[in-house]
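Presented below is the structure to which this report refers.
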Amino acid sequence: MKALRNNAAVIGLGTKITTRDDPKINSLQLQLAACSDAIKDAGIDRHQIGAVFTCRAPMGYTSMQFNLRVVQELKIVPSLTSEITVHGAGVLGTLAHAAMAVNSGVVDYALCCSGCTGPIWTDLVKVNASIEADLQFEAPYGPTTPSLYAQWAQRYMYEFNIKPEDLAIIAVENRRWALDHPDAAMRSKGPLTVEQVVNSKMLASPIRILDSSTWFKGGFGTAVIVARADKVRPEHKPIYISGFGEAVTHEWLTDRMHLSGVEPSMTPNLTTTGAKIAADRAYAMSGLKPSDIDLAETSVPFTFANMMALEDLGFCKKGEGKDFVRSGGISYDDGLPFNTNGGYLSFGQAPHGLHMAVEALQQLRGEAMGKQVKNARHAMAHFHGGPLASHCVMIFSNQEGL
Amino acid sequence: MDIDWGLGVPLMAGPYQMGLYEPSPETVGFWEGVKRDQLMIKRCSSCRAYHHPRRILCTHCNTSEFDWVQASGNGIVYTFSTVHRAPRPEFDADLPYTVGLIELEEGIYFFSRILPPPGKEVSIGAQVKLTFRETGPSGRLPAFQITS
């Protein structure tokens with residue numbers, strides 16, 4: 001795995017945001033707009049792209065092989081292309097596959113793209129409930145997406161005696177970062193207090209509406225060009241991929257309880273996620289440890305899952321997340337910079353969006369749109385697919401040699 | 001909502017069929033049991049381990065032959081959530097309702113509705129007993145009544 005350490009870099013980044021106020025575009029248009037910018041940013045010819053990776057087809061644009069739609073529009077002939085279908089983790093998984101593809105020598109440059117304008121076209125609350133549950137054995141009982149995650153939350157709070165007030169701190173700190181970011185969905189709502197969170201409307205016990213992610217105001221398209229290290233030029237502002245890891249424990253919640261492995265991520269429980277395995281692998285590949293990480297971004301959509309992620313990603317021990325958070329571990333002022341655009345709770349959840357990794361990349365380039373983390377060298381991004389089923393963790397670095 | 005999961009569900013784009021969602025001959029024994037008000041689970045024909053009705057491979061001995069057996073219907077609440085906002089209007093009449101994972105006596109976990117006695121709360125570890133209930137638009141399904 002060490003052979004992959006810092007041997008691939010992001011050399012081109014393109015983003016496209018569209019909101020309900022803009023002319024209506026679909027998810028394919030959104031992604032191609034981002035691709036166009038990423039290719040320009042990398043300064044390469046379109047035909048030098050050897051590999052194209054997308055995540056699975058966007059919820060707002062269901063098609064049988066979405067990656068081929070992208071390839072067909074780009075009018076290039078990749079020697080390697082695939083949808084990376086590990087649920088929501090696949091958006092970051094594309095970069096892991098890109099790093100492996102360029103390091104294998106099969107291709108020199110890989111394009112990864114993602115993004116969905118679903119919130120503009122369809123009722124994603126309804127769609128989401130259908131894709132997060134087993135249609136035969138769970139959906140007939142009427143679970144919502146929050147109620148499926150709440151199964152973890154209830155058990156986690158029970159086993160570790162976590163109070164709603166402990167979890168609320170995460171929503172409050174996320175909101176502080178969002179107030180600095182021009183694109184954050186909740187920026188105009190102003191600061192948040194613990195009291196507001198714990199008294200907000202109950203969606204699915206123990207999850208309240210302010211414990212939950214909010215939908216981003218539209219679509220967030222991203223495209224990234226990944227190159228092998230020997231193709232990097234100084235003008236690229238390269239961000240190196242120092243380490244990555246992936247772990248999938250289940251597709252449906254019920255199946256999470258039927259694992260029969262030995263590690264905490266593999267035994268039947270609802271307190272440890274596959275993020276633990278993914279992060280351990282990313283650390284091992286990078287040679288870095290949690291204390292080397294200058295900022296961390298996660299795509300988990302509820303306060304409890306953020307606390308669980310802080311544990312599984314190694315920033316504190318299992319069961320100590322509440323103490324970590326209560327003692328200022330993720331304080332906006334002097335804690336670990338965590339969800340530095342406001343996160344899913346306050347920046348918003350853009351379906352199939354790579355926005356949390358974009359935030360990490362912009363921070364490391366020194367181009368943060370919100371508050372810039374000073375002297376940031378290493379950033380961690382964690383993407384997950386629900387309900388806490390699939391996980392991809394990546395460590396980025398603006399340092400060439402590790 | 002009457003879906004025959006044994007035959008699967010056509011996925012349509014207008015008049016065009018794009019595929020067939022999940023035809024499931026492996027779960028027919030479960031749905032036949034539901035019609036008789038019985039909760040049927042799988043038991044490995046070889047090592048006799050119990051499994052969720054969905055399983056295709058025995059994860060203990062890697063064989064794929066199962067017998068259908070009737071679950072005792074006894075278990076405990078492993079975790080739960082009370083839903084205050086339904087996923088679709090067809091479930092609104094049931095609000096608020098509790099969904100959760102039951103740890104069955106046989107050692108498998110089953111997602112279901114959990115029915116507390118009037119005026120009581122659902123709690124982790126509470127003992128439950130199988131019953132059958134009309135459930136939103138989904139028809140008569142297994143559910144679990146709290147007994148402790």
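Observations
- A viscosity of 1.306 mPa s and a temperature of 10 °C, combined with the Kirkwood radius over C-alpha pairs in the Stokes-Einstein formula, give segment A:157-274 a diffusion coefficient of 86 µm²/s.
- Max mean-square fluctuation residue, GNM over chain A, Cα-Cα springs under 10 Å, options A:N339, A:N26, A:N161: A:N161
- Summarised in one figure, the compactness ratio Rg/Rh of segment A:14-161, Cα atoms and Kirkwood Rh, is 1.06.
- Note on chain A: with a GNM built from Cα contacts shorter than 10 Å, the maximum mean-square fluctuation among A:M257, A:M307, A:M186 falls on A:M257.
- With all protein chains in place and ligands, DNA and RNA left out, the 1.4 Å accessible area ranks A:E400, B:E26 as A:E400, B:E26, largest first.
- Segment A:310-374: GluC sites (Glu not before Pro) in DSSP coil with no more than 14 other Cβ atoms inside 10 Å: A:E367
- Annotation: average projected area of segment A:215-345 is 10.6 square nanometres, based on the convex hull of Cα atoms across all directions.
- Max mean-square fluctuation residue, GNM over chain A, Cα-Cα springs under 10 Å, options A:Q349, A:Q29, A:Q48: A:Q48
- Each 5 Å bin, from zero up to the one with the longest distance, holds this percent of the alpha carbon pairs of chain B: 2, 9, 16, 18, 18, 17, 11, 6, 3, 1, 0.
- Peptide A:147-158 - average C-beta neighbours from other chains (10 Å radius): 5
- Near A:V70: Cβ cut-off under 14 Å, other residues only, Lys/Arg at +1 and Asp/Glu at -1. The net charge is +3.
- The residues neighbouring A:A38, those whose beta-carbon lies less than 12 Å from its own, together hold a net charge of +1 under the Lys/Arg +1, Asp/Glu -1 convention.
- Candidates per trypsin sites (Lys or Arg not before Pro) in segment A:19-94, loop by DSSP, up to 15 other Cβ within 10 Å: A:R20, A:K24, A:K75
- Local charge for B:S46 was computed over the other residues whose Cβ lies under 15 Å away, with Lys and Arg +1 and Asp and Glu -1, and equals +2.
- 3J(HN,Hα) along segment A:112-118, derived from phi through the Karplus expression 6.51 cos²θ - 1.76 cosθ + 1.60 where θ = phi - 60°, amounts to 10, 9, 7, x, 8, 9, x Hz, with x in place of Gly and Pro.
- When the alpha carbon coordinates of segment A:316-399 are projected onto the principal axes, the ranges are 35, 31, 25 Å, largest first.
- Label separation (B:H60 vs A:D22): 5.5 nm, computed from points 7 Å beyond Cα along the C-beta direction.
- A Cβ-based charge dipole, computed about the Cα centre of chain B with Lys and Arg at +1 and Asp and Glu at -1, lands at about 220 debye.
- Solvent exposure ordering (accessible area, 1.4 Å, most first) of A:L32, B:L104: A:L32, B:L104
- Charges were assigned to the Cβ only: +1 to each Lys and Arg, -1 to each Asp and Glu. The resulting dipole of the protein assembly as shown about its Cα centre is roughly 400 debye.
- Secondary-structure-derived ellipticity at 222 nm for the protein assembly as shown, considering helices only, amounts to -7500 deg cm²/dmol, per-run term -39500 (n - 2.57) for DSSP H runs with n ≥ 4.
- The protein assembly as shown - accessible surface per residue (Å², probe 1.4 Å): 38 Å²
- Cα gyration tensor shape of segment A:223-292, rounded if a/c is under 1.5, else prolate or oblate by comparing a/b with b/c: prolate
- For segment A:263-306, the ratio of Cα radius of gyration to the globular rule of thumb 2.2 N^0.38 Å stands at 1.30.
- Cleavage-rule hits, trypsin sites (Lys or Arg not before Pro), segment A:232-317, DSSP coil, Cβ neighbours within 10 Å at most 16: A:K317
- Entry for segment A:1-82 at q = 0.16, 0.24, 0.27 Å⁻¹: log10 I(q)/I(0) = -0.71, -1.27, -1.39, Debye formula applied to identical alpha-carbon scatterers, no solvent contribution.
- Free-standing Cys residues across the protein assembly as shown, given no other cysteine C-beta under 4.7 angstrom: A:C35, A:C55, A:C112, A:C113, A:C116, A:C316, A:C392
- For chain A, Kirkwood radius (reciprocal of mean inverse C-alpha pair distance, Å): 20.8 Å
The values are calculated or read from the model by the stated rules, or taken from the named source; none is laboratory data. Just so we're clear, the structure is a prediction, and the values are computed from it rather than from any experiment. Positions of Cβ are backbone-derived with ideal geometry, glycine not excepted, and every protein chain shown enters the neighbour counts. Calculation scope for accessible area: heavy atoms of the full protein, side chains included, ligands and nucleic acids excluded. Shrake-Rupley method; radii C 1.70, N 1.55, O 1.52, S 1.80 Å.
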